[in-house]
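**Student:** Sending over a structure as C-alpha cells; questions will come in a sec.
The values are calculated or read from the model by the stated rules, or taken from the named source; none is laboratory data. Small disclaimer: the values here were computed from a predicted structure and weren't measured. So basically every Cβ, Gly included, is an ideal-geometry build from the backbone, and we count neighbours across all protein chains shown.
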Amino acid sequence: MSVNFKQSTLDNGMAIIAEIDPSAHSAAAGFFVKAGARDEQTNLMGVSHFLEHMMFKGTEQLDADAINRGFDDIGANNNAYTSREMTCFYAHVLPEKLTAATDMLGTMMRPALRESDFDTEKNVILEEIAMYADNPFWVLYESCVERHYGTHGLAHRVLGTPDSIKAMSRDSMAEYFNTRYSADNTVVALAGKLDFDACVDQINTLCGSWQTTRPARDTTKPATAQEPFTIRDERVNRGYLIALCDAPSVTDDQRYAAALLAQILGGADNSRLHWALIETGLAEEAQAAYDGLDGCGDFFLYASGDPEKLDAIWDAMSREISSLRDSLDESDLEKLRSKMVTASTLGSERPSDRMQRLGRLWTMTGQYIPLADELEQIGRVSVNDLRSLCDRYPLDACTIGKMLPSE
C-alpha cells in the first residue's frame, strides 16, 4: 500500500495534514479542535459538548435542515464527538464528494449560535445527561474520575452537570467558542484518494479568515487521589467496580508498553482478568484499558457481577495486579503483537480510520508518526519494558469506586 504524507500550515496557523492513497476507493476529512472538558472552567462544564451540538444547528447562511440535507445529498457517513481532550467533526465519502464534505464541515464550524437554538438544545443536553444518569457504569465512572483528578480540569464531566448546563448562557458559550475554536487550535486531517494541493486551496478559502488566538492548556501532571468510595443506588441490582490509576502521557515513550500491559491484564477474551473472573464465573464483565492524555494518562479497570461477590471480585483483580509484573513473559507479547498488527492493518485500509488516527495524533503531539513506525515501536517493547512500567506506575495505587444496591 503506497501512502504519501503531506502537510501545510495556513497563515493563520491552521494545520492541514493528509495521508494520500491513490488506490483508495473513498476519502475522509476531519476537523479536530483541541478543546475538551479539561479546558473548561468548572462553571462552564459541558460547554465543549454543547458546542458540538450547536455546530449542527446552523450558520448565518444555512439552517440545521440544510446542513443535514447537505451531508445526506453526498452520501456522507458523518458525525462528531467530544472527549476530555478534543472535539472532532468528520465525514467519510466517495473521493469525488470530498470537496463538498470539506466545504460542509468548514462552513458548519462557524455557527450562528442563535439564542433560540441555544435554548432548545439546552433541553436536549439535559435529556442526554438524564439518560446517562440511568446508566450505572457511567455514573460510577464519572464519580471515579471526579475523585481521581480532584480540582483539575480532567475531573470535568464531558456532558456537564444539570446545574452547569442550566446556568450556562449563550454569551458565555460564544466567548469560549471565540477563544478555543480558532485557526491555530484546529487541525484538518484528510485521508484516502485526494488532491492535497486542491484541498489546501479550498480550506484556505474556507477557513483562511479564522482568527488566531493562541489558547493555552495546562499540561502539568495533576495530583491524583487514591481513595476508595462506595455509591449505593436503589435502582441497581448488580455490583459495579471501577479503578483508575496513573499512566504515561500520550507523548511518553512508555505509552506503547502501557497499551500492551492493559491488554495483557484486561483485554477481551484471552487476558488475565478474563481467565480469573469471567471464565471462573466470578464476574460478568472484566476489562482494563489505557488512555494516554496530554501531560498524563490513566489505566482503567472495570468489573461487574453479583453484589455479594464484589469484594471477592476486587480481591481476585488485586491478585492479578500483584502477580502481573513478575509473571510477564515473552509469550504475552507475541500474542498481543500479532493482534495489534492485524487490527492496525485492517484499520489502515479504511481512510476514515487513517484520518482519525492522523488527526488525533497531530492534535495531541504535533507530530506525524507513520503507522509502520508505530507498529515497529510496539514490536520493540520487551518484558523488561513492561516491568519497568509496572514499577513506575503501580496498578494498585488507584482510586477505587464501587456501586451497590441500597442496603
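**Student:** Would you confirm whether any residue within region 27-41 is over 30 Å from Gly295 (Cα atoms) and outside any strand (DSSP E or B)?
**Tutor:** Taking region 27-41 as the starting set, the residues that turn out to be over 30 Å from Gly295 (Cα atoms) are 27.
Then drop every residue that is not outside any strand (DSSP E or B), which leaves none.
Checked region 27-41: no residue is over 30 Å from Gly295 (Cα atoms) and outside any strand (DSSP E or B).
**Student:** Based on this model, can you work out whether Ala243 counts as buried (at least 19 other Cβ atoms within 10 Å of the Cβ), part of a helix (DSSP H, G or I), within 21 Å of the chain's Cα centre (by Cα) and in contact (Cβ under 8 Å) with a residue 12 or more places away in the chain? Spell out the reasoning first.
**Tutor:** Numbers: buried (at least 19 other Cβ atoms within 10 Å of the Cβ): yes; part of a helix (DSSP H, G or I): no; within 21 Å of the chain's Cα centre (by Cα): yes; in contact (Cβ under 8 Å) with a residue 12 or more places away in the chain: yes.
Against the criterion (buried (at least 19 other Cβ atoms within 10 Å of the Cβ), part of a helix (DSSP H, G or I), within 21 Å of the chain's Cα centre (by Cα) and in contact (Cβ under 8 Å) with a residue 12 or more places away in the chain), Ala243 does not qualify.
**Student:** Inspect all residues belonging to region 276-299 and state whether any of them is in a strand (DSSP E or B) and of a type in the set (S, T, N, Q).
**Tutor:** Here is the first cut: in region 276-299, the residues in a strand (DSSP E or B) are 285-292, 297-299.
Still in the running and of a type in the set (S, T, N, Q): 287.
Scanning region 276-299 turns up at least one residue that is in a strand (DSSP E or B) and of a type in the set (S, T, N, Q).
**Student:** Here is a follow-up. Restricting to region 79-138, and then to whatever is small (Gly, Ala, Ser) and under 12 Å from Gly30 (Cβ atoms), can you tell me which residue is surrounded by the most Cβ atoms within 10 Å (Cβ to Cβ)?
**Tutor:** Let us first name the residues in region 79-138 that are small (Gly, Ala, Ser), namely 80, 83, 91, 100-101, 106, 112, 116, 130, 133.
From what's left, under 12 Å from Gly30 (Cβ atoms): 80, 91, 101, 106.
Details: Ala80: 20, Ala91: 26, Ala101: 24, Gly106: 20.
Only one residue fits best here, namely Ala91.
**Student:** Filter region 102-125 down to residues that are touching a Gly at 6+ places or on another chain (Cβ under 9 Å) and among the hydrophobic types (A, V, I, L, M, F, W, C) and give me whichever is nearest to Gly46 (Cα to Cα).
**Tutor:** Ile125
**Student:** Go through region 48-69 and give me each residue that's of a type in the set (Gly, Ala, Ser) and either outside the structural domain of Ala37 (by TED's automatic domain parsing) or within 12 Å of Leu113 (Cα to Cα) (or both). Lay out the reasoning, then the answer.
**Tutor:** If we filter region 48-69 for residues that are of a type in the set (Gly, Ala, Ser), which is where we start, we get 48, 58, 64, 66.
If the condition is that a residue be of a type in the set (Gly, Ala, Ser) and either outside the structural domain of Ala37 (by TED's automatic domain parsing) or within 12 Å of Leu113 (Cα to Cα) (or both), then Gly58, Ala64 are the ones that fit.
**Student:** Do you know which of the residues in region 2-39 that are farther than 30 Å from Leu154 by Cβ and among the β-branched types (Val, Ile, Thr) is surrounded by the most Cβ atoms within 10 Å (Cβ to Cβ)?
**Tutor:** Result: Ile20.
**Student:** Only one of (1) out of contact with any strand residue (DSSP E or B) (no Cβ under 9 Å at 6 or more places or on another chain); (2) outside any loop (DSSP other than H, G, I, E, B) is not met by Thr102, so which one is it?
**Tutor:** Result: Thr102 passes all but (1).
**Student:** Test Ala112 against the stated conditions and say whether it is part of a loop (DSSP other than H, G, I, E, B), farther than 24 Å from Trp362 by Cα and more than 23 Å from the chain's Cα centre (by Cα).
**Tutor:** Numbers: part of a loop (DSSP other than H, G, I, E, B): yes; farther than 24 Å from Trp362 by Cα: yes; more than 23 Å from the chain's Cα centre (by Cα): yes.
Yes: the conditions hold for Ala112.
**Student:** On the given criteria, is Thr42 loosely packed, with under 15 Cβ neighbours inside 10 Å and of a type in the set (Val, Ile, Thr)? Before you say what the answer is, go through the steps one by one.
**Tutor:** On the way: loosely packed, with under 15 Cβ neighbours inside 10 Å: yes; of a type in the set (Val, Ile, Thr): yes.
Yes; evaluated as a whole, the condition is true for this residue.
For (1) more than 17 Å from Trp210 (Cα to Cα); (2) not aromatic (Phe, Trp, Tyr), each residue gets a yes or a no:
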residue: Met14; (1), (2): no, yes
residue: His25; (1), (2): yes, yes
residue: Phe56; (1), (2): yes, no
residue: Thr59; (1), (2): no, yes
residue: Asp72; (1), (2): yes, yes
residue: Asn77; (1), (2): yes, yes
residue: Val93; (1), (2): yes, yes
residue: Thr99; (1), (2): yes, yes
residue: Met104; (1), (2): no, yes
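**Student:** When you scan region 198-218, do you find a residue that is at pLDDT 95 or above and acidic (Asp, Glu), even just one?
**Tutor:** Yes, that holds for at least one residue.
**Student:** Here is a follow-up. I need the helices (runs of 4 or more DSSP H) fully contained in region 132-221, keeping only those with at least 2 residues that are in contact with a Leu (Cβ under 8 Å, 6 or more places away or on another chain) and over 18 Å from Arg110 (Cβ atoms). Lay out the reasoning, then the answer.
**Tutor:** Details: elements: 136-149, 162-167, 170-180, 196-207.
Once the helices (runs of 4 or more DSSP H) in region 132-221 are filtered for at least 2 residues that are in contact with a Leu (Cβ under 8 Å, 6 or more places away or on another chain) and over 18 Å from Arg110 (Cβ atoms), what remains is 136-149, 162-167, 196-207.
**Student:** Listed residues Glu227, Glu234; which is at pLDDT below 95 and either within 16 Å of Cys144 (Cβ to Cβ) or buried (at least 18 other Cβ atoms within 10 Å of the Cβ) (or both)?
**Tutor:** Numbers: Glu234 fails: either within 16 Å of Cys144 (Cβ to Cβ) or buried (at least 18 other Cβ atoms within 10 Å of the Cβ) (or both).
Selected residue: Glu227, the only one of Glu227, Glu234 that is at pLDDT below 95 and either within 16 Å of Cys144 (Cβ to Cβ) or buried (at least 18 other Cβ atoms within 10 Å of the Cβ) (or both).
**Student:** For Phe56, which of the numbered conditions (1) closer than 30 Å to Gly150 by Cα; (2) out of contact with any Pro (no Cβ under 8 Å at 6 or more places or on another chain); (3) part of a helix (DSSP H, G or I) fails to hold?
**Tutor:** Among (1) closer than 30 Å to Gly150 by Cα; (2) out of contact with any Pro (no Cβ under 8 Å at 6 or more places or on another chain); (3) part of a helix (DSSP H, G or I), the lone unmet condition for Phe56 is (1).
**Student:** Against the condition crowded, with 21+ Cβ neighbours inside 10 Å and either over 16 Å from Leu244 (Cα atoms) or at pLDDT 95 or above (or both), how does Ile165 come out, does it pass? Steps first, answer last, please.
**Tutor:** Details: crowded, with 21+ Cβ neighbours inside 10 Å: yes; either over 16 Å from Leu244 (Cα atoms) or at pLDDT 95 or above (or both): yes.
Yes.
**Student:** Another question, then. Yes or no: Thr120 touching a Lys or Arg at 6+ places or on another chain (Cβ under 9 Å) and in a helix (DSSP H, G or I)? Working first, answer last.
**Tutor:** Details: touching a Lys or Arg at 6+ places or on another chain (Cβ under 9 Å): yes; in a helix (DSSP H, G or I): yes.
For Thr120, the condition - touching a Lys or Arg at 6+ places or on another chain (Cβ under 9 Å) and in a helix (DSSP H, G or I) - is met.
**Student:** Would you mind finding the one in Asp163, Asp233, Asp218 that is outside the structural domain of His49 (by TED's automatic domain parsing) and closer than 21 Å to Asn43 by Cβ?
**Tutor:** Asp218
**Student:** Filter region 80-99 down to residues that are in contact with a Cys (Cβ under 9 Å, 6 or more places away or on another chain) and either outside the structural domain of Glu175 (by TED's automatic domain parsing) or assigned to a strand (DSSP E or B) (or both), then give me how many there are.
**Tutor:** Taking region 80-99 first, the residues in contact with a Cys (Cβ under 9 Å, 6 or more places away or on another chain) are 80-82, 98-99.
Still in the running and either outside the structural domain of Glu175 (by TED's automatic domain parsing) or assigned to a strand (DSSP E or B) (or both): 80-82.
Of the residues in region 80-99, 3 are in contact with a Cys (Cβ under 9 Å, 6 or more places away or on another chain) and either outside the structural domain of Glu175 (by TED's automatic domain parsing) or assigned to a strand (DSSP E or B) (or both).
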